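Step one of this worksheet: look at the structure below.
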Amino acid sequence: MRRREFVQVGASAAGGLLVTVSLPAAVGSALAVVPPPGTALGAFLEIAADGGVTITAKNPETGQGMKTSLPIILAEELDVPWERVRVVQADLDESRFGDQFSGGSTGISDNWEGLRTAGAVARRMLVEAAAARWGVAPADCSTAAGAVLHAGTGRRLEYGALVAEAARRPVPAEAPRKDPASYRLIGTRVSGVENPGIVTGRARYGLDARAPGMLYACILHPPFGHRLAELNATRAERVPGVRRIVRIEPQASPLHLRQGVAVVADSTWAAMQGQRALEPRWEAIADHPVIDSAALRASMLSAVEHPGEPIRSDGDVAAAFAGAARTIEATYEVPLLAHAPMEPMNCLADVRADRAEVWGPMQNPGGVQGLVARVTGLDRAAVKVHLTRVGGGFGRRLLSDYAAEAATVSKAVGRPVQVVWTREEDLRQDYYRPCGVHRLRAALDADGRVIAWDQHLANPSRAAYALSKDPPV
Amino acid sequence: MPPLVLNVNGSRRRLSLPADTPLLWALRDALGLTGTKYGCGAGLCGACTVHLDGQPVRACLTPLSAVGAKPVTTIEGLSRDGSHPVQRAWIAEDVAQCGYCQAGQIMAAAALLRTTPRPSDAQIDDALSGNLCRCGTYQRIRAAVHRAAGETT
């Protein structure tokens, strides 16, 4: 079900025009002047008196282009030159921005309508302000490149000159959107907003986050199906720079936090060397489920030979195959696969008695806030979350375990701590992408056209696992 | 432990670190130059590529004892203002997706163009095969290298 869209407009402290709109998508173009209490507002747009446009990117940027593409949608409808737009990354603020996660390929589809509306509303209000000043009808005005024009008299006003008046106007009932045929930005290649920072090494990723007085921690996790029976940390503690060893005990769900040993040091290198010097004794957890890749594969290959649960069934597939001139069969498999982003898991947390602050690469900042609150015992409202640029998400960073680790260790040592996973840990201890088998058959007619398509797919159910009351540890 | 003096991006930097510390961590943690990235620590991904005396090296496997007084250039020092032809080509071709590997890619490409001003696709692949990109921007990397080569020759 889609929510109504609500737009709120006001004046900024510097005399500019502020527009916020709730997301995701609206029903039709209905707008309310005053949103009902509790409605989340988002899509922050500010037009300054000098014509400069600031657009807030509310979702994390993982390389999917969100920090550029969402602002483009807004700028298109607002009809401003892209060179005038400055994009700033939002922190977590769900009361202002609503959902701020990046995943499931939902970013554009979830935000498309709301962003178009925000831009269209702002443009409409600027047009109305100009029309009022000129004493003409808004319908006789147009916009181009950040200015309102009146063709009849050749008059022109830059948006910056109109923002103060526009901010005082009521939100219009109608805000026409651009005809896609007239798009100037959408459909063109726009260079990523952070490219200059990336090519000069200035762009900050999670691993680049820093806080005064911070320490660094490197984690070792038990092998799958095992727990820590005994730990000899003597050699680790002797590594120059190592300050403390912190044991992390698991939450009930391994999706939240698993057992681990963190070596805390005054540099990343010392922490990594300390982690390598740990001498743990692991013991197998009794009756722990076994993941047998070969057995999984065999059961999936078998499953696709059987009817299964229909997801879709159109027409008479059997008849089409029976009458086919030719059939093609192919079986596609994907194994359990490590996400392997170029930036390994990491997070910086600063946990105090009454509040916490987190900086890191994440896809679900709301989830990070909730899990950090849970493992520290703080209220959600006391946990501030900063979104760094993300060196690859691929779904792995929808989980928040690395943030819970950082919060747990910071709380234990009373300093800001950046937890870093080595590449070895990242590959060995990933929450692997599910394996799967797809068996496809196609029926072709005498002209080689596909007349029937039969697809059987089998894979472990991630949703069933996540929703189960007793997920295996 | 006696202080070491490194020559990084044209500046002398004094450090008190063990001589077996990898250059990567001296740059990132001691000198605050976080443009050079950690991807694997084993010389397998190329994210940590810097220039040592003009040659591309993996900083994660280069101990400070091997650096000595030789000039080190990191992504931050490739140009003062992003104006190196490779950097400009990377922007013109919109190469980056997540961008985490790109500092290493750029350093490797810049080193290649010094020795091979007009590389073929095969020469680019050969020189940059140790720089992994999980987002798969390889076609745009190749296009950007050609673009940079075209501008400088």
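The values are calculated or read from the model by the stated rules, or taken from the named source; none is laboratory data. Bear in mind that the values here come from a model prediction, so they are computed numbers and not experimental data. No Cβ is skipped: glycine too gets one built from the backbone with ideal geometry, and neighbour counts run over all protein chains shown.
Determine which member of the set A:Glu46, A:Glu113, A:Glu76 is modelled with pLDDT of 65 or more, part of a strand (DSSP E or B) and either away from chain B (no Cβ under 14 Å) or farther than 24 Å from A:Val190 by Cβ (or both). If you could, list the steps in order and put the result at the bottom.
Numbers: A:Glu113 fails: part of a strand (DSSP E or B); A:Glu76 fails: part of a strand (DSSP E or B).
Selected residue: A:Glu46, the only one of A:Glu46, A:Glu113, A:Glu76 that is modelled with pLDDT of 65 or more, part of a strand (DSSP E or B) and either away from chain B (no Cβ under 14 Å) or farther than 24 Å from A:Val190 by Cβ (or both).
Scanning the range A:165-207 for residues that are within 14 Å of chain B (Cβ to nearest Cβ) and in contact with a strand residue (DSSP E or B) (Cβ under 7 Å, 6 or more places away or on another chain) yields A:Val193, A:Glu194, A:Ala203, A:Arg204, A:Tyr205, A:Gly206, A:Leu207. Scoring A:Gln275 on the criteria (1) within 27 Å of B:Gly32 (Cβ to Cβ); (2) in a loop (DSSP other than H, G, I, E, B) leaves a single failure, condition (2).
At least 2 residues being of a type in the set (Asp, Glu) is the threshold, and among the helices (runs of 4 or more DSSP H) wholly inside the range A:371-473 those reaching it are A:401-413, A:423-428.
Scanning the range A:362-390 for residues that are touching a Gly at 6+ places or on another chain (Cβ under 9 Å) and among the basic types (Lys, Arg), which turns out surrounded by the fewest Cβ atoms within 10 Å (Cβ to Cβ)?
Checked the range A:362-390; the qualifying residue surrounded by the fewest Cβ atoms within 10 Å (Cβ to Cβ) is A:Arg380.
From the residues in the range B:60-75 that are assigned to a helix (DSSP H, G or I), surrounded by fewer than 23 Cβ atoms within 10 Å (Cβ to Cβ) and of a type outside the set (Ser, Thr, Tyr), which one is farthest from the other protein chains (Cβ to nearest Cβ)?
Per the criteria, the residue is B:Ala66.
Mind counting the residues in the range B:96-118 that are within 8 Å of another protein chain (Cβ to nearest Cβ) and β-branched (Val, Ile, Thr)? Total meeting the criteria: 1.
Consider the range A:334-370 and keep the residues that are in contact (Cβ under 8 Å) with a residue 40 or more places away in the chain and assigned to a helix (DSSP H, G or I). The one that is farthest from the other protein chains (Cβ to nearest Cβ) is A:Gln369. With a requirement of 2 or more residues that are closer than 28 Å to A:Ala271 by Cα and modelled with pLDDT of 95 or more, the strands (runs of 3 or more DSSP E) lying completely within the range A:143-228 that satisfy it span A:215-220. Residues satisfying the criterion are absent from the range B:35-46 (criterion: under 13 Å from the mean Cα position of the chain (by Cα), assigned to a strand (DSSP E or B) and closer than 25 Å to B:Leu113 by Cα).
Quick check: is even one residue across the range A:378-391 within 14 Å of chain B (Cβ to nearest Cβ), in contact (Cβ under 8 Å) with a residue 12 or more places away in the chain, closer than 27 Å to A:Tyr205 by Cα and of a type in the set (Val, Ile, Thr)? Yes: the range A:378-391 contains one or more residues that are within 14 Å of chain B (Cβ to nearest Cβ), in contact (Cβ under 8 Å) with a residue 12 or more places away in the chain, closer than 27 Å to A:Tyr205 by Cα and of a type in the set (Val, Ile, Thr). Every condition in (1) touching a helix residue (DSSP H, G or I) at 6+ places or on another chain (Cβ under 6 Å); (2) outside any loop (DSSP other than H, G, I, E, B); (3) over 25 Å from A:Arg204 (Cα atoms) is met by B:Arg118 except one, and the failing one is (2). Just one of the listed residues (A:Ala320, A:Ala270, A:Ala298, A:Ala324) is out of contact with any strand residue (DSSP E or B) (no Cβ under 9 Å at 6 or more places or on another chain) and outside any strand (DSSP E or B), and it is A:Ala298.
Residues are listed down the side, and each one gets a yes or a no for (1) assigned to a helix (DSSP H, G or I); (2) closer than 15 Å to A:Gly201 by Cα:
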residue: B:Ser83; (1), (2): no, yes
residue: B:Gln87; (1), (2): yes, yes
residue: B:Cys98; (1), (2): no, yes
residue: B:Ala103; (1), (2): yes, yes
residue: B:Met107; (1), (2): yes, yes
residue: B:Asp125; (1), (2): yes, no
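Quick check on the range B:16-31: of everything there that is more than 8 Å from every other protein chain (Cβ to nearest Cβ) and part of a loop (DSSP other than H, G, I, E, B), which residue is nearest to the chain's Cα centre (by Cα)? The qualifying residue nearest to the chain's Cα centre (by Cα) is B:Leu31. Annotation note: Cβ proximity below 8 Å between a residue of the range A:267-280 that is touching a residue at least 60 places away in the same chain (Cβ under 8 Å) and a residue that is in a helix (DSSP H, G or I) and of a type in the set (A, V, I, L, M) (sequence gap 6+ or interchain) occurs for A:Gln275/A:Ala236. Of B:Leu44, B:Leu78, all but one fail to be within 13 Å of chain A (Cβ to nearest Cβ), surrounded by fewer than 19 Cβ atoms within 10 Å (Cβ to Cβ) and at pLDDT 95 or above; the exception is B:Leu44.
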